[in-house]
Amino acid sequence: MGGPKKGGPGERVEARNVLTAVLLADSFTQRFRPITIERPKVLLPLVNTPMIEYTLEWLAMNKVEETIVFCCAHADQIKKYLADSKWGSGGAHQMRVSTLVSTNCLSAGEALRLIDQKDIIKNDFILVSGDTVSNMNLAPVLEAHRARRAADKNAIMTMIMKATQHANQRLRLGDTELLVCIDPATKRLLKYHEQEPTRAPASVVKVDASFFSERDSVQVRTDLMDSHISICAPEVLMLFSDNFDYQNVKRDFVTGVLSEEELGNKLYVHEVSTEYAAHVHNLRSYDAISRDIMQRWAFPFVPDTNVLHVPGPWTGCAYQYARGHVYVQQQVQVARTATLVSDVCVGAGTSIGDNCRISQSVIGRNCRVGKNVEITGSYLQDNVTIQDGAVLRNAMVCENAVVRTGAGVEAGAILSYGVVIGPRHKVTQNMRLTLCHQNEHQASLSDDELEYANAPATVSAGGGARPPSRGRSRPAVSESGSDDSAGSSEDPLAQSMEKPTSAATVAAAALAMGRAPESGDASSIQFDEELVGYGGAGYKWRPNEGFDVQRYSIAPPSIPDPFAQDSEIEAVDGGGGAGGRREDDDEDEDEDEDEELDPEVIFKREVSETFLRCVKMRFDQTNAVIELNGLKIAEDRTFADCARYIFTTMLALCLPAPPHHSKDEYTSLFPKEAPNVATQDGKLALLKLFKKHLSEWVQLLQRFLRSEDDQVELLLTFEEFCSEEGVFEDSGEHGKLFSDIFPQVLQQLYDADVVSEEAFIAWADEKEHAEEHDRAYLKKAAKFIEWLRTADEDEDEDEDEDDDDDEDDDEEDDE
């Protein structure tokens, strides 16, 4: 876009490059079905905010001036959402958002070919999928890309990848194995090999010897994950138009360009280490990224910053943040006896009944959760009803669904829109239920087919359905604001033949209210009672042929507990051979699964084990920092996270060994008996033990607690330890014994300069407005806090007096 001329006819005015992004609002896969039959994936709530909001806000944060949203499935819904949102006005952050619609594009390659045909991209642009969550600063990437382009016009793409810090990080996101070869000097990409999920990992991968002809070394990396963010030159679009075989950006285009080195096109890699970048490409990653957001890895894109705006009746209701990564929006009713454990987000208008226990879950807006409900690792969208006594574990429940009294939903289950589960019925693991009738041929399609089921299909010689010839179709297109009906709901291609019938919807609504459908077509609807229970509504949805249910389940993967015994040793001890089982194996497995599903418990135990090893081996402070820093990096945590559990391990060392240390190598570090805190001598003995450990490791705590906020988190963790809540519940660490000397421990932390006066006062101010039961330890420490406040006031007065004296002395000198 050219700027206005300011000089005479001889003055040269250069055109200003507009920073543009192309956002693909369709994933061109079916991994979220049956949910995406009725709703586009980019509008699915991620921690109560549509996915596309994270991407648009991130682009605006990086000063992108124009974003083109390419829509295929459910284009009308996306256009309406954008029109109703702040992006519709075009003034938000000075970023203009427009849409480009095609009703029968079958791949990302066809979408990019269409954009090239429209001739709307003139300069380098950002290519990103609409399910991306990132907080990275694009400025260094853009600068490096432009510098390479200035030196070499064949440098057509810079791909952004994130290094994994732990072997299990790829597993928790459901990512495929990826091997890349990179020139370490220039960061040029030489090889991109993505392992197909249906095949076993390759034991040998060939690397072309020619890689070494022009360079001294080559990096072979298996620790990088693709963020699906790229900086592209306009030539990328031209290459897609010239090669109709390019359908998938990475598997086809990237590998194709790398295999045609003689054409001279070059691709580069930018590695992200400290910043966050991920995309929601399956239900497994949906769960992992939701947890990352709640644990604040994507800051500032977290609920309590309220930077993400959702259009609708609850606009303006702010979130409030509480300890344990608990986020509660305004206008929420939580019963006094209900417990929000950790990693919980609750939307406005929701009510939660007595004796409920909710952990690692997101509850949408205007939901109704009855009494005695247990929800773990689950995701409820808006307007969901969970009746008394229901249990949900690692499941997704979509809008207007109802789980009746005493029902259970097992790990990996999906309840799509309007599904009703009958009283006391159990939904089995990985079951997908919907009001839609599944077309028989759709279950045979691969997972990489179009996200909606109505794309034109032809019949292969074997009788199975297959998509039309790749890249040869001429998709119907409409631009935002045009009168072209290709993107309207009148077009039969824009409607799915599998959408629920009106009769099924009416029947389900009646059953949700506890009554049978009375008349009309709804009364003849027969739902599958074996799957949804008596009085339930829904049909089974079968995943596509070859779909890896376990790999892409919303339930987190079973990551082996690093503290568990070796399975081969256990098999020998059990006397059952390779498949031997003990009689109590079932009970042990239930307990182990509960622990494995709580990563915070595992991290706490890892910190404790590492610190105890430092104590036993008598490491100095420097070696202890190296040990704990290695754990911090491996688990992708902060110094403050480590410090909190180092501190509680110090406290535990003053008491008898907890059960998980009662028979291991660290037992000798713990006293055999606990001091009798019912007596004054016992309290003094316990305090003396703590003071001994604190004096030995005070520098370690000081080094890890780097800010006032870190110190406040330490105090909140100390409260949890004393009340035996959260990760300390049933841990056997006897934390309640420290309740009687809580203020004395605070005094020790203050005297040792572990926690500052400002942090203590900030903690007290935060607790001042908490509910009564949350102020118990503030009351215990009331005298200590009052002493701090008084000392602070006295110090201020002394400073004022000193200032006055100085002024008087100055006046005398002047005289």
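The values are calculated or read from the model by the stated rules, or taken from the named source; none is laboratory data. Keep in mind it's a predicted model, so treat the numbers as computed, not measured. Note: ideal-geometry Cβ built from the backbone for every residue, glycine included; neighbour counts use all protein chains shown. For the accessible areas, the whole protein counts, side chains as well, though only heavy atoms, and no ligand, DNA or RNA atoms are used. Shrake-Rupley method; radii C 1.70, N 1.55, O 1.52, S 1.80 Å.
For the range 227-279, applying the loop criterion from DSSP together with a ceiling of 16 other beta carbons within 10 Å to the GluC sites (Glu not before Pro) yields 260, 275. Starting from the 7 Å offset along Cα-to-Cβ, what nm value, one decimal, do you get for the label separation of residue 242 and residue 769? Simple spin-label model gives 6.2 nm for this pair.
The range 754-778 and the range 237-304 have Cα centres spaced 44 Å apart. Accessible area ranking (1.4 Å probe, heavy atoms, ligands and nucleic acids excluded), largest first, for 325, 279: 325, 279. Taking the alpha carbon gyration tensor of the range 607-648, multiplying each eigenvalue by 5 and rooting it gives semi-axes of 16, 11, 8 Å, largest first. Take every Cα pair under 8 Å whose residues are at least 6 apart in sequence, average their separation, divide by the length of the range 688-743, and the relative contact order is 20 percent. A full extension of the chain between residue 676 and residue 761 corresponds to an added length of 27.5 nm, given 0.36 nm per residue minus the alpha carbon distance. Annotation for residue 185 and residue 669: the two label points, set 7 Å from Cα along the Cα-Cβ direction, are 4.8 nm apart. Across the range 623-763, what fraction of all alpha-carbon pairs, as a whole percent, falls in each successive 5 Å bin from zero upward? That works out to 2, 10, 19, 22, 23, 16, 7, 2, 0, in percent per bin. Positive contributions from Lys and Arg (+1) and negative ones from Asp and Glu (-1), summed over other residues with Cβ under 13 Å from the Cβ of residue 398, come out at +1. Once the C-beta distance of residue 692 and residue 63 is scaled by a Förster radius of 51 Å, the resulting FRET efficiency is 0.40 to the nearest 0.05. Loop-located trypsin sites (Lys or Arg not before Pro) across the range 32-96 with a Cβ neighbour count of 14 or fewer within 10 Å are 63, with loop assigned by DSSP.
State whether the range 683-758 is rounded, prolate or oblate according to the following rule on the C-alpha gyration tensor (a ≥ b ≥ c being the square roots of its eigenvalues): a/c under 1.5 gives rounded; otherwise a/b larger than b/c gives prolate, and the remaining case gives oblate. Oblate, because a/c is 1.5 or more while a/b does not exceed b/c. Extending 7 Å from the Cα toward the beta-carbon at both residue 530 and residue 542 defines two label points whose distance is 1.3 nm. Each Lys or Arg adds one and each Asp or Glu takes one away; over the other residues whose Cβ falls under 11 Å from the Cβ of residue 418, this sums to -2.
For residue 268, nonlocal amide neighbours, meaning residues 5 or more places apart or on other chains whose placed amide H falls under 5 Å from its own, are 157, 158, 159, 189.
Pairs to check: 736/780; 683/736; 153/266; 632/691; 63/86; 191/266. Give those whose C-alpha atoms are more than 18 Å from each other in this structure. Among 736/780; 683/736; 153/266; 632/691; 63/86; 191/266, the Cα-Cα distance tops 18 Å for 632/691.
Neighbours of residue 97, meaning other residues whose beta-carbon lies under 11 angstrom from its beta-carbon, give a summed charge of +1 when Lys and Arg score +1 and Asp and Glu score -1. Shown in residue order for the range 56-69 are the 3J(HN,Hα) couplings computed by the Karplus curve 6.51 cos²θ - 1.76 cosθ + 1.60 at θ = phi - 60°: 5, 4, 5, 4, 5, 4, 8, 6, 5, 8, 9, 10, 9, 9 Hz (x for Gly and Pro). Considering only alpha-carbon pairs that sit under 8 angstrom and 6 or more positions apart, the relative contact order computed for the range 284-387 is 17 percent. Each residue of the range 728-742 was assigned a 3J(HN,Hα) from its phi angle through the Karplus curve 6.51 cos²θ - 1.76 cosθ + 1.60 (θ = phi - 60°); the sequence is 9, 5, 6, 7, x, 8, 6, x, 4, 5, 7, 4, 6, 10, 4 Hz, with glycine and proline shown as x. For the pair residue 357 and residue 549 in one chain, pulling the backbone fully straight at 0.36 nm per residue adds 66.3 nm over the alpha carbon distance. Quarter the surface of the alpha carbon convex hull of the range 731-773 and you get the mean projected area, 4.1 square nanometres.
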